[in-house]
Amino acid sequence: MFYRVLRAVCAVIAKVLFRPKVEGVENIPADGGVILASNHLSVFDSILIPLVVPRQVNFLAKEEYFQGKSPYHRVRTAFMRAIGQVPVQRGQARAGIAALEIASKVLAKGDVFGIYPEGTRSRDLRLHRGHTGVGQLALSNGVPVVPMAVIGTDRIQPPGQRFPRPARVTIRIGKALDFSRYDGMAGSPAIRRAVTDEIMYSIMELSGQEYVDVYHKLPDAA
């Protein structure tokens, strides 16, 4: 109940400030576990995406988003927790394994899990090579992957800017990708890479970004 009320209020605010244009929302399955895989340009991606998707989206958010004692940071932390965001550490193998376990539990319940395969937001606005965790999740859980792209969220709060500003954004949602042809192959690194690359190609087509076949380096601080 709280999520629905909070979402409705924030959706109205987002509509006024960011005038989001949403394309392809009908491509999101009405029920069952599904992975939403998106590019990542801003901290606001994890706020806007849940507001335009008809089902609740569960993201694993980096723990930095839950830190800070200023009024803005306190509000951000409360909002992230209210819509089911889970803080996780980055850059550690154990943290990565724990994140995949949490994501699998979300999918096993038939819920929606959102992920940014690049691992962090793009500072140069290009689309970088995806980490194979998204491929492993899709294969291990036997769920479809819906590719999506956010466009313009980098203008809301560019790196180094303390407060957000109004900006027009577009969210494009592609058709679900079915990887059932790879059933039983989740243990193969080559197959996980192939699945991940297919997902990233779909995101590239939706976003129109230049693709760079190298991992994006995680910043020391967001």
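Quick one: is V169 modelled with pLDDT of 95 or more and touching a helix residue (DSSP H, G or I) at 6+ places or on another chain (Cβ under 7 Å)? Can you show your working first?
Values: modelled with pLDDT of 95 or more: no; touching a helix residue (DSSP H, G or I) at 6+ places or on another chain (Cβ under 7 Å): yes.
Criteria not met by V169.
For a quick check of your reading: which helices (runs of 4 or more DSSP H) sit entirely within region 21-134 and have at least 1 residues that are touching a helix residue (DSSP H, G or I) at 6+ places or on another chain (Cβ under 6 Å) and under 27 Å from R193 (Cα atoms)? Break it down into steps so the answer makes sense when it comes.
Numbers: elements: 45-52, 71-82, 93-108.
Hits in region 21-134: 45-52, 93-108.
Conditions (1) under 23 Å from V169 (Cα atoms); (2) touching a strand residue (DSSP E or B) at 6+ places or on another chain (Cβ under 7 Å); (3) at pLDDT 80 or above; (4) surrounded by fewer than 18 Cβ atoms within 10 Å (Cβ to Cβ), marked per residue:
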{"position": "L51", "(1), (2), (3), (4)": "yes, no, yes, no"}
{"position": "R55", "(1), (2), (3), (4)": "yes, yes, yes, yes"}
{"position": "E63", "(1), (2), (3), (4)": "no, yes, no, yes"}
{"position": "P71", "(1), (2), (3), (4)": "no, no, yes, yes"}
{"position": "G91", "(1), (2), (3), (4)": "no, no, no, yes"}
{"position": "R94", "(1), (2), (3), (4)": "no, no, no, yes"}
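Could you tell me which residue of region 144-165 is modelled with the lowest pLDDT, considering only residues that are open to solvent by 10 Å² or more (accessible area, probe 1.4 Å) and hydrophobic (A, V, I, L, M, F, W, C)? Steps first, answer last, please.
If we filter region 144-165 for residues that are open to solvent by 10 Å² or more (accessible area, probe 1.4 Å), which is where we start, we get 144, 151, 154-155, 157-165.
Subsequent filtering for residues that are hydrophobic (A, V, I, L, M, F, W, C) retains 151, 163.
Values: I151: 95, F163: 75.
By that ranking, first place goes to F163.
Given the conditions (1) at pLDDT 95 or above; (2) over 19 Å from the mean Cα position of the chain (by Cα); (3) under 28 Å from G68 (Cα atoms), and given that I191 satisfies all but one, which numbered condition is not satisfied?
The one condition I191 does not meet is (3).
Out of (1) out of contact with any strand residue (DSSP E or B) (no Cβ under 8 Å at 6 or more places or on another chain); (2) open to solvent by 70 Å² or more (accessible area, probe 1.4 Å), what's the single condition that is false for R168?
That leaves (1) as the condition not met.
Mind checking which pairs have a first residue in region 186-206 that is under 13 Å from L127 (Cα atoms) and a second that is at pLDDT 95 or above and open to solvent by 60 Å² or more (accessible area, probe 1.4 Å), Cβ under 6 Å, 6 or more apart or different chains?
Cβ pairs passing all conditions: M204/Y211; L206/R172.
Suppose we filter region 117-140 for residues that are buried (at least 18 other Cβ atoms within 10 Å of the Cβ) and under 14 Å from V34 (Cα atoms); how many remain?
6
Looking at Y182 and the list (1) at pLDDT below 95; (2) under 20 Å from S104 (Cβ atoms); (3) touching a Ser or Thr at 6+ places or on another chain (Cβ under 9 Å), which single condition is not satisfied?
That leaves (1) as the condition not met.
Can you tell me which of R192, R181 is in a helix (DSSP H, G or I), buried (at least 18 other Cβ atoms within 10 Å of the Cβ) and basic (K, R)?
Going through R192, R181 in turn, just one is in a helix (DSSP H, G or I), buried (at least 18 other Cβ atoms within 10 Å of the Cβ) and basic (K, R): R192.
The values are calculated or read from the model by the stated rules, or taken from the named source; none is laboratory data. No experiment lies behind these values; they were computed from the predicted model shown. Cβ sites come from the backbone with ideal geometry, for glycine too, and all protein chains shown count toward neighbours. When the accessible area is computed, the model is the full protein with side chains, heavy atoms only, and any ligands, DNA or RNA have been set aside. Shrake-Rupley method; radii C 1.70, N 1.55, O 1.52, S 1.80 Å.
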